[in-house]
Every structure is written in structure tokens, then in C-alpha cells.
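Visitor: Below you'll find the structure I mean.
The values are calculated or read from the model by the stated rules, or taken from the named source; none is laboratory data. Every value quoted in this text rests on a predicted model; they were computed, and no experiment measured them. So basically every Cβ, Gly included, is an ideal-geometry build from the backbone, and we count neighbours across all protein chains shown. For the accessible areas, the whole protein counts, side chains as well, though only heavy atoms, and no ligand, DNA or RNA atoms are used. Shrake-Rupley method; radii C 1.70, N 1.55, O 1.52, S 1.80 Å.
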Amino acid sequence: MAAATVAPTHVVHHDTSRAAVSTTALGVCILRAWESKKPEEHRLFHDPFAAIICGSDSMELPLMEEVGKNKDFWMDFIAVRTRWIDEQVTAPTTEQLVILGAGMDTRAYRLDGLKGTPVFEVDFPEVLSAKAKLLEGHQPQAKLTNVVANLSLNSWDADLRTAGMQPVPTMWLLEGLTGYLTEAELEALLTQLSKLADPSSRMTATFVGRDMKEKATSMHRYLVTGPDQISALLGKFGWHCKIHTIAEISRLYDRAEHLPRDYAYFLVSAWRAA
Ligand SMILES: C[S@@+](CC[C@H](N)C(=O)[O-])C[C@H]1O[C@@H](n2cnc3c(N)ncnc32)[C@H](O)[C@@H]1O
């Protein structure tokens with residue numbers, strides 16, 4: 001069955017400078033397609049849908065000049081982030097998965113561990129409809145529902161409920177999202193998310209460090225000084241968390257060569273305070 005689409009109710013692209021943020025979803029998708037082309041013994045995951053979405057072998061990475069890092073760095077960065085998050089979201093405790101800022105995430109299609117699991121993907125309408133069109137004819141393994149919303153506005157929680165999200169132990173995924181919101185928008189989003197989240201819910205999120213400022217794109221807004229800021233922020237909304245740098249995680253997968261040890265990018269696993 002193809003993904004169900006909830007009609008947009010509150011979507012306003014209130015800030016035209018954000019229009020290009022969705023381009024970053026394509027950028028990470030291209031990186032996943034490159035990783036997937038590696039021989040099985042060398043790749044950290046296989047995303048056969050990434051190449052279908054990106055559409056060609058001559059894939060140019062958008063925004064590369066602005067971001068200013070090399071291909072090896074970005075390949076390993078996204079490979080490590082993807083693999084670690086794949087493991088988080090397929091933990092046996094996941095009864096439902098909500099992906100905020102889903103972009104070209106294809107986990108609902110490719111992960112056997114999500115077979116039959118309700119997955120809600122939330123993003124701007126043009127992003128979700130483009131993905132659904134490109135993947136037409138392919139069946140998600142998960143029970144996938146698209147929820148069109150602007151996450152910088154407060155109404156997306158109602159849209160999720162209307163779309164059928166249940167009050168069960170849920171994994172909330174914010175991959176590559178927090179940096180594109182202002183602090184006020186992120187706090188509003190965490191307020192809504194925390195009200196909706198069942199007490200046994202967990203969260204997987206990524207955060208961009210402030211030290212990365214000159215390397216981050218001009219679209220980045222919320223940047224953190226370090227792990228303390230992340231735990232203080234999540235703590236305010238009733239979440240405990242474990243924070244890893246991307247370099248730490250890269251060592252687990254033997255992909256540390258191109259990721260500087262002090263690189264300020266954080267992978268966070270969080271759970272509700274008892
Ligand atoms: C860097 S991409 C990451 C996509 C995906 N999570 C991944 O890692 O492949 C950021 C995504 O967040 C979405 N996004 C950013 N701000 C948003 C907002 N205010 N409302 C809805 N989606 C938003 C963008 O459209 C884009 O798809």
C-alpha cells in the first residue's frame with residue numbers, strides 16, 4: 001500500500017530563506033546513495049532507494065562549496081550517522097516511529113526491523129510529495145503515513161494525532177533538523193513533542209556544535225556550545241540523554257579516518273525522566 005497523505009492544514013512557508021533547507025535533504029540522500037554503492041563488506045548500510053530518489057550516477061552534492069568539507073568527510077559523516085540511527089530506531093522498544101524533518105529518509109522502506117511498525121514522516125508538503133512520487137511503485141515495509149506540516153508552527157501535533165499517531169512507546173527522530181530551527185522554534189517543538197510523547201518514548205536527535213559555525217551553512221540557526229547545553233535543553237522538557245560526538249561513534253564502525261576527533265557534531269539518545 002502506498003503512503004497515505006494527510007492534507008496540509010497549517011502549512012505556510014513563513015520564511016522564504018528556508019526554502020533551500022530541503023535541498024540539504026537531497027544532499028544527504030546523495031551521500032547515502034554513494035555509500036550504498038560500496039561493496040557489501042565495506043558499507044555501513046544499504047539504501048537502494050537513495051539512488052532512485054537522486055536519479056542519476058552523476059550526482060553533484062548541493063551546497064558543497066558553502067559547507068566547505070571534502071567528499072570523504074561527508075561520506076563517512078553520513079554513513080556513521082545513518083548506521084547509528086538505523087540501530088536506534090529498530091530497537092525492540094520502538095512501537096511507533098515519528099520522523100520530524102524526514103526529508104528523503106527511506107527507513108520505512110528499507111529497514112526490515114520496521115516491518116509493520118507505524119511510521120509517521122513529517123516535513124514540508126513539497127518534500128513529502130516529491131519523495132512519494134519518486135518511490136511510487138515501491139512498498140514501504142513499515143505502515144507509513146505522511147504528515148505535511150511546518151514544524152516551526154505549533155499545529156503539527158494535532159496533525160499527527162489526526163493522522164493516527166497513538167499514545168504508545170514511540171521513537172522520535174530528529175535527524176539533521178535541530179540546526180535549522182531557531183532556539184524559540186526548537187523549544188516550541190520540544191514542548192509539543194513532549195506533550196504528545198508517551199512516558200516510555202525515546203528520542204534520537206542530532207545537534208550542530210557552535211564551533212562548526214564557520215563550516216555550517218548560512219541556513220543553520222540553533223548551534224550548541226557543547227553537550228551541557230543539549231542536556232540542559234532536553235532536561236527542561238523532561239528528557240534524560242546520552243550524548244556522543246560523531247567522532248566517537250565513527251570509531252565503533254571503523255570510520256574515524258576522515259572525522260576530526262574534536263568535530264562538534266552530536267548524536268543524542270534520550271528518554272523520558274521517570
Ligand atoms: C538536512 S534535511 C534532513 C532530512 C532527513 N532527516 C535526513 O537526515 O536525511 C532537513 C529536513 O528538515 C526539513 N525541515 C526543516 N525545517 C522544517 C520545518 N520548519 N518544517 C518541516 N520540515 C522542516 C527539511 O525540509 C528537510 O527535509
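Visitor: On the protein heavy atoms, probe 1.4 angstrom, tell me the percent of accessible surface of segment 17-272 carried by carbon and sulfur.
Guide: Numbers: 5410 of 10490 Å².
Summing carbon and sulfur atoms, their accessible area is 52 percent of the total for segment 17-272.
Visitor: Give, in whole angstrom and from largest to smallest, the semi-axes √(5λ) of the equivalent ellipsoid of segment 17-272, with λ running over the eigenvalues of the Cα gyration tensor.
Guide: Numbers: eigenvalues 120, 101, 67 Å².
Working from the Cα gyration tensor, I get semi-axes of 25, 22, 18 Å.
Visitor: Go through Lys37/Lys143; Lys195/Lys236; Lys37/Lys131; Lys37/Lys71 and tell me which ones have a Cα-Cα distance over 24 Å in this structure.
Guide: Lys37/Lys143
Visitor: What fraction of the DSSP beta bridges in segment 17-272 is antiparallel, stated in percent and rounded to the nearest 5?
Guide: In segment 17-272, DSSP labels about 40 percent of beta bridges as antiparallel.
Visitor: How far is it, in nm, from the label point at Ala188 to the one at Ala273 when both lie 7 Å from their Cα along the line to the Cβ?
Guide: Taking the simple label geometry, Ala188 and Ala273 are separated by 2.5 nm.
Visitor: Cα centroid distance between segment 132-188 and segment 224-267, in Å?
Guide: Taking the Cα centre of each part, segment 132-188 and segment 224-267 sit 23 Å apart.
Visitor: Stretch Ser155-Glu40 to full length: gain in nm at 0.36 nm per residue minus the Cα-Cα span?
Guide: Length gained, Ser155 through Glu40: 37.1 nm.
Visitor: Name the trypsin sites (Lys or Arg not before Pro) in segment 81-154 that are in a loop by DSSP and that have at most 13 other C-beta atoms within 10 Å, would you?
Guide: Lys115
Visitor: Of the GluC sites (Glu not before Pro) in segment 20-54, which ones lie in a loop per DSSP and count no more than 10 other C-beta atoms within 10 Å?
Guide: In loop regions of segment 20-54 (DSSP not H, G, I, E or B), the sparsely surrounded GluC sites (Glu not before Pro) are Glu40, Glu41.
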